[in-house]
Ligand code: URA
Ligand code: CA
């Protein structure tokens with residue numbers, strides 16, 4: 001086989017065979033196929049797309065390019081959730097114990113954050129003592145015992161995806177739905193998921209700026225999942241404004257605890273119930289999404305989800321008194337500053353990505369892989385889109401271990417709009433199944 005022939009085939013919109021795709025991914029991963037040929041292929045895919053058959057072959061070839069996590073010793077259907085990334089997305093911290101509390105195993109492998117989107121591992125590390133370095137044996141036995149454990153990324157998962165992603169980043173081919181879809185699905189499958197729930201974000205803070213593109217991505221991923229034997233569902237959810245009210249690692253732990261007590265922000269609570277219902281249903285709990293949701297709601301109100309969170313924290317070395325006293329146990333910032341509204345009206349827009357960047361400037365996120373995170377830093381939105389404000393009301397409180405610069409205040413004020421009119425944005429645009 002010659003790579004140049006495959007490139008020309010794709011250029012002419014002739015589908016590649018499974019054998020050709022396997023050969024290409026194998027030989028690109030082992031550096032036999034040079035970067036310039038794979039660049040040309042990525043561009044041909046960018047323009048000409050891929051058929052369903054090509055997509056499942058590509059996804060499986062990427063899965064097979066590296067290690068695969070074997071979760072077969074865990075009882076039950078292993079359901080994983082993936083979010084395409086957003087600002088202040090606290091869902092995993094809530095969903096892991098919530099879904100585990102109805103008996104569905106949550107064996108989560110998570111990463112750290114980069115840029116203005118936070119990582120679940122960083123958030124959990126705001127809890128003193130909590131650690132994610134677990135051996136494969138300990139990870140599996142914790143999930144069997146408690147139905148929930150979170151482990152840091154290890155092993156050599158989907159090296160083909162790592163190479164292709166780095167190449168796409170510098171060749172203008174990141175924004176290709178088949179390439180995004182196979183990239184995300186290959187990672188979930190390699191991490192051992194039997195079933196997958198996808199939270200595809202749309203809006204200013206998201207990868208997919210329009211609902212139409214988000215829906216197309218969701219449909220593509222759900223199709224891939226089904227074609228490779230993984231039950232998959234997706235939610236299209238809003239990321240025009242940040243999710244919930246807290247952005248920042250320690251602050252989001254506290255927000256997750258509030259949510260598990262049934263006292264969380266409306267949008268975060270609702271999204272967790274929608275995603276959680278899908279996870280529980282795919283995990284075999286409840287005969288419909290509605291029934292699964294009712295069980296989750298019950299556990300939010302009777303304290304079982306919160307108890308599960310405590311067990312989870314304790315079993316990974318964390319201080320579970322964080323649940324009763326988040327303000328004394330979580331890292332506290334030395335500095336805080338209230339940003340006040342300069343006019344009266346209704347909040348009409350909170351630009352998610354820019355507010356995420358403000359949180360990063362306060363120390364809540366990493367600018368480069370090497371940056372140290374300030375676990376106490378971040379911001380709290382007292383008002384969300386659709387809320388009325390009066391001049392002088394506190395819009396946002398900023399928190400940092402370092403002095404807070406005017407630059408951050410300006411950034412926040414420039415990206416929260418107050419108008420005569422405004423209404424709550426749609427939270428869930430669609431469900432794809
Ligand atoms: N996230 C991924 O994991 N892969 C992509 O290609 C885009 C977003
Ligand atoms: Ca949040």
Q: State, to one decimal in nm², a quarter of the convex hull surface area for the C-alpha atoms of the range 365-433, i.e. the direction-averaged projected area.
A: 7.8 nm²
Q. Taking the Cα centre of each part, how many Å lie between the range 297-343 and the range 230-288?
A. 15 Å
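Thinking of the range 255-310 as a set of Cα atoms, what percent of all their pairs are more than 12 Å apart?
It works out to 62 percent of all Cα pairs.
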Q: On a 0 to 90° scale, report how tilted helix 91-100 is relative to the longest principal axis of the chain, with both axes built from alpha carbons and the result rounded to the nearest 10.
A: 80 degrees
Q.
Can you tell me what share of the DSSP beta bridges in the chain is antiparallel? A percent to the nearest 5 is fine.
A. 55 percent
Q) How much space per residue, in cubic angstrom, does the convex hull of the C-alpha atoms of the range 321-408 take up? A) 124 Å³
Q | Rounded D (µm²/s) - the range 1-127, Kirkwood Rh over Cα pairs, Stokes-Einstein at 37 °C, 0.692 mPa s | A | 185 µm²/s
Q | Debye intensity ratio I(q)/I(0), log10, the range 106-188, q values 0.21, 0.24 Å⁻¹ (C-alpha model) | A | -1.07, -1.20
Q. For the Cα atoms of the chain, what angle does the longest principal axis make with the long axis of helix 35-48, in degrees from 0 to 90, nearest 10?
A. 80 degrees
Q. Once the Cα atoms of the range 46-196 are picked out, what are the Rg and Dmax in Å?
A. 16.2, 50
Q. Nearest 10 degrees, 0 to 90: what angle lies between the long axis of helix 266-282 and the longest principal axis of the chain (Cα atoms)?
A. 40 degrees
**Q.** Stokes-Einstein D (µm²/s) once Rh is taken as the Kirkwood radius of the chain over alpha-carbon pairs, at 37 °C in 0.692 mPa s
**A.** 147 µm²/s
Q) Between residue 343 and residue 426, what FRET efficiency follows from the Cβ-Cβ distance if R0 is 30 Å, with the result rounded to 0.05? A) 0.70
Q.
Can you compute log10 of I(q)/I(0) for the range 198-296 with the Debye formula, treating each Cα as one identical point scatterer, at q = 0.10, 0.14 Å⁻¹?
A. -0.32, -0.63
Q) In Å, what Rg and Dmax follow from the Cα atoms of the range 249-405? A) 18.1, 53
Q.
When the expected Rg is taken as 2.2 N^0.38 Å, what fraction or multiple of it is the alpha-carbon Rg of the range 298-357?
A. 1.73
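Read the figures in this text as sums done on the coordinates, not as results from a lab. Just so you know, these numbers come straight off a predicted model, no measurement behind them. Using ideal geometry, Cβ is built from the backbone for each residue, glycine included, and neighbour counts are taken over all protein chains shown.
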